[in-house]
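Heads up: the structure comes next, in structure tokens.
What follows draws every value from the coordinates through simple rules; no lab data is involved. Since we're looking at a predicted model, the values are computed, not measured. Neighbour counts run over all protein chains shown; Cβ positions are idealised from the backbone, glycine included.
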């Protein structure tokens, strides 16, 4: 089992930005990464993003980023994965230029999603072991999502029903990547329900973090409600495909780049 780092709750979150000892300093930190060089669209809640950053500045601790890292067809790590880790490292370096404690990325390896999608256990272990070794060599944290959920303790089983639009998107993904025996609509609903439990566990274990995703905001419902969501490119500006879905050495699919605005909106 992988170790899970529980990030302490920050009592300052929920305060207004003016309560921070150096709100200007927090704004400068935000500007280092909230740019079109990294983001594919605006964060979910810019005000909450500033609160999280301001709290880290005030406490003099690393700025915490947490993200899901999934599994695609490959059973071993490849060049796209390394490129993605390097891109995350560039963002962390940008933060460190202004915020002396730097930035800490924590990868949550989504073993639960891989099992739901029907990947053999040996392939799940092989791929995630590769990613974990590479990430830890860059001083990134790593946990398996199953361990995060277990470490968070009991959570409510109550879940919301997905909208028709959300379910349609998930069904499309299931039709492409799901390898199990269920129908695509059933697999999509299982995935949705699983995410409703997991996003509460992430909130509990990483309450002072920024949640990073390579998805766009149409999938917002799947991510933690009480954390700011940073919608990010995956390996470079213009590329939003998740690295675990990229074949090694293949041409990458790109999304149109956003305007070259370098500000913390």
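Before moving on, here are some points about what is shown:
- Sub-9 Å Cβ pairs linking a first residue in segment 87-114 that is at positive phi and in contact (Cβ under 8 Å) with a residue 24 or more places away in the chain to a second residue that is assigned to a helix (DSSP H, G or I) and surrounded by 18 or more Cβ atoms within 10 Å (Cβ to Cβ), at least 6 apart or interchain, are 102/92; 102/95, ordered by first then second residue.
- Residues of segment 203-230 classified as part of a helix (DSSP H, G or I) and within 25 Å of residue 164 (Cα to Cα), total: 6
- Residues being more than 21 Å from the chain's Cα centre (by Cα), under 18 Å from residue 70 (Cα atoms), surrounded by fewer than 17 Cβ atoms within 10 Å (Cβ to Cβ) and touching a residue at least 12 places away in the same chain (Cβ under 8 Å) - total across segment 173-205: 2
- Members of segment 103-125 found to be over 18 Å from the mean Cα position of the chain (by Cα) and either surrounded by 15 or more Cβ atoms within 10 Å (Cβ to Cβ) or under 24 Å from residue 205 (Cα atoms) (or both), listed by number: 115, 116, 117, 119, 123, 124, 125
- Matching option when the condition is assigned to a helix (DSSP H, G or I) and either in contact with a strand residue (DSSP E or B) (Cβ under 8 Å, 6 or more places away or on another chain) or over 22 Å from residue 197 (Cα atoms) (or both), among 107, 85: 85
- Within segment 59-82, considering residues that are more than 17 Å from the chain's Cα centre (by Cα) and not in a loop (DSSP other than H, G, I, E, B), the one farthest from residue 118 (Cα to Cα): 59
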